[in-house]
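Below is one structure, written out as structure tokens; the observations come after it.
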Amino acid sequence: MRFVPLIPSSSDPEAWVDFRDVELKWESPLHRHWENSVREGVAVHALHLPSMAWGKELLLAALESLHPLLGPDFLVIPTDAPAGRQAAAAFLQALEALLEHTSGRGVKLALRPAKGALPALLSLLKEARGEAVGFCWDASVGADLDLISDRLYTAVGEVEADYTALQRTGYRWNLALEGNPAELPASIAALETNYPTVFFPAVMPTTALGRPIVPDESLIFGAHWNARPDRSSE
């Protein structure tokens, strides 16, 4: 896992100059200095939208957040399970519109389910054949990792949380943390020591014949993953 700060997009990035890999918690308007920071080599891996109903307001916020210079890999959308047929229809309609808008941009959608919402969301996506939509695991919610381990794009958490279960899945991408820029570097260093990257699951699954399922060597990491050395190697 790579632990990165989750920073309000309206805040001045100058306070976070020690970090070259970040995720942004979308707050309009975007601070004007982020454009310079990205040009100078800061990678914005994900944009996290605020929680809101599925509809026009969410679509407008998503369109505003996808600033061409930020170039995120993921757009994270916190959501509860739609309650009722009308809400489910609005959810699927807005999701389809977002998929169409992000198609070709290199941005993938990741739902961040509220507590207890994951099973219903998975059912809706299955009915709509929404295989292109992934998930953001939230340490405070603790959704069943077995249900989403093959579609786990991002993760968020807290400094004191336990990430053993996430580590066992072989999850290797970002885990975003909110915090004070003066204290977060030390916290991240400690987390990186406690949870070193596991490139593949600790217990490899097997086929029906008992043969191990080996990783696909053609696996391609995200656009920013190999763009610069890992912090631990600096």
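Tabulated data
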item: Odd one out for residue 135 among (1) within 30 Å of residue 93 (Cβ to Cβ); (2) in contact with a strand residue (DSSP E or B) (Cβ under 6 Å, 6 or more places away or on another chain); (3) surrounded by fewer than 19 Cβ atoms within 10 Å (Cβ to Cβ); (4) not β-branched (Val, Ile, Thr); result: (3)
item: Condition check for residue 10: surrounded by fewer than 16 Cβ atoms within 10 Å (Cβ to Cβ), part of a loop (DSSP other than H, G, I, E, B) and in contact with a His (Cβ under 8 Å, 6 or more places away or on another chain); result: yes
item: Residue match in region 55-66 (condition: surrounded by 21 or more Cβ atoms within 10 Å (Cβ to Cβ) and under 25 Å from residue 169 (Cβ atoms)); result: no
item: Pick from region 26-40, criterion over 20 Å from the mean Cα position of the chain (by Cα) and within 12 Å of residue 71 (Cα to Cα), ranking: surrounded by the most Cβ atoms within 10 Å (Cβ to Cβ); result: 35
item: Any chance residue 96 is out of contact with any strand residue (DSSP E or B) (no Cβ under 6 Å at 6 or more places or on another chain) and of a type outside the set (A, V, I, L, M, F, W, C); result: yes
item: Selection from region 10-33 of residues that are among the charged types (D, E, K, R) and free of Cβ contacts under 8 Å to residues at least 40 places away in the same chain; result: 12, 14, 27, 32
item: Check on residue 110, surrounded by 20 or more Cβ atoms within 10 Å (Cβ to Cβ) and either at pLDDT 90 or above or out of contact with any strand residue (DSSP E or B) (no Cβ under 9 Å at 6 or more places or on another chain) (or both); result: yes
item: Near pairs, Cβ below 6 angstrom, 6+ apart or cross-chain, from region 42-57 (farther than 20 Å from residue 83 by Cβ and touching a residue at least 40 places away in the same chain (Cβ under 8 Å)) to any residue that is acidic (Asp, Glu) and part of a loop (DSSP other than H, G, I, E, B); result: 45/73
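Okay, residues lined up against (1) among the β-branched types (Val, Ile, Thr); (2) under 13 Å from residue 152 (Cα atoms); (3) part of a helix (DSSP H, G or I):
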site	(1), (2), (3)
83	no, no, no
96	no, no, yes
100	no, no, yes
124	no, no, yes
137	no, yes, no
140	no, no, no
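Yes or no, residue by residue, for (1) hydrophobic (A, V, I, L, M, F, W, C); (2) free of Cβ contacts under 8 Å to residues at least 40 places away in the same chain; (3) within 16 Å of residue 144 (Cα to Cα):
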{"residue": "60", "(1), (2), (3)": "yes, yes, no"}
{"residue": "63", "(1), (2), (3)": "yes, yes, no"}
{"residue": "67", "(1), (2), (3)": "no, yes, no"}
{"residue": "72", "(1), (2), (3)": "no, no, no"}
{"residue": "82", "(1), (2), (3)": "no, no, no"}
{"residue": "93", "(1), (2), (3)": "no, yes, no"}
{"residue": "113", "(1), (2), (3)": "no, yes, yes"}
{"residue": "124", "(1), (2), (3)": "yes, no, no"}
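Yes or no, residue by residue, for (1) at pLDDT 95 or above; (2) outside any loop (DSSP other than H, G, I, E, B); (3) more than 15 Å from residue 7 (Cβ to Cβ); (4) of a type outside the set (Asp, Glu):
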site	(1), (2), (3), (4)
156	yes, yes, no, yes
165	no, yes, yes, yes
172	no, no, yes, yes
176	yes, yes, no, yes
182	no, no, no, yes
192	no, yes, yes, no
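The values are calculated or read from the model by the stated rules, or taken from the named source; none is laboratory data. Just so it is clear, the model here is predicted, and its values are computed rather than measured. Heads up, the Cβs are rebuilt from the backbone with ideal geometry, glycines too, and the neighbour counts pull from every protein chain shown.
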